[in-house]
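Here's the structure, in structure tokens; my notes come after.
Rule-based calculations on the coordinates, nothing more; no lab input. Computed from a predicted structure; not experimentally measured. Note: ideal-geometry Cβ built from the backbone for every residue, glycine included; neighbour counts use all protein chains shown.
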Amino acid sequence: MSKVLPANDANWQADVLDSQVPALVDFSAVWCGPCKMIEPHVIALADQYDGKAKFFKCDVDQAQQTAMKYGIRSIPAIMIFKDGQVVENIIGAVPKGQIEDALKAHL
């Protein structure tokens, strides 16, 4: 079972913004090829950092309000939230190490 949970307009506040640990959100869509390329990285990091951070996947087609609120114009987009605020923003299909380095800076 994946440790990457779904994030949407309904659960955003409680699950992402109110998280007691950093929350990494992968903004993506099912039709996005580059999104599929980074998905294994996010899953691997979720396993590796279980308990230290929370990991979410937010489908921009299903959570349009949230995507608009955070100005998501290009996917994949990864945002890391800490204490309800965006502390990192990564756009595009990047190597796992780049995502991990950004996450580690906020643990």
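Ranking 56, 97, 17 by Cα position along the charge dipole of the stretch 4-104, where only Lys, Arg, Asp and Glu carry charges on their C-beta atoms, puts 97 farthest toward the positive end. Taking Cα pairs under 8 Å and at least six residues apart, what relative contact order does the chain come out at, in percent? That works out to 37 percent.
Secondary structure note: in the chain, about 50% of the DSSP beta bridges are antiparallel.
Loop-located chymotrypsin sites (Phe, Trp or Tyr not before Pro) across the stretch 1-67 with a Cβ neighbour count of 10 or fewer within 10 Å are 31, with loop assigned by DSSP. Taking a ≥ b ≥ c as the square roots of the eigenvalues of the Cα gyration tensor of the chain, is the shape rounded (a/c under 1.5), prolate (a/b larger than b/c) or oblate? Judged from the Cα gyration tensor, the chain comes out rounded (a/c under 1.5).
A Förster radius of 25 Å, combined with the Cβ-Cβ distance separating residue 44 from residue 11, puts the computed FRET efficiency at roughly 0.60.
Applying a 4.7 Å Cβ-Cβ cutoff to the chain leaves 58 as cysteine residues with no disulfide-compatible partner.
Seen through its C-alpha gyration tensor, with square-root eigenvalues sorted a ≥ b ≥ c, the stretch 29-76 comes out oblate because a/c lies at 1.5 or above while a/b is not bigger than b/c. Placing +1 on each Lys and Arg Cβ and -1 on each Asp and Glu Cβ, with no other charges, gives the chain a dipole about its Cα centre of roughly 140 debye.
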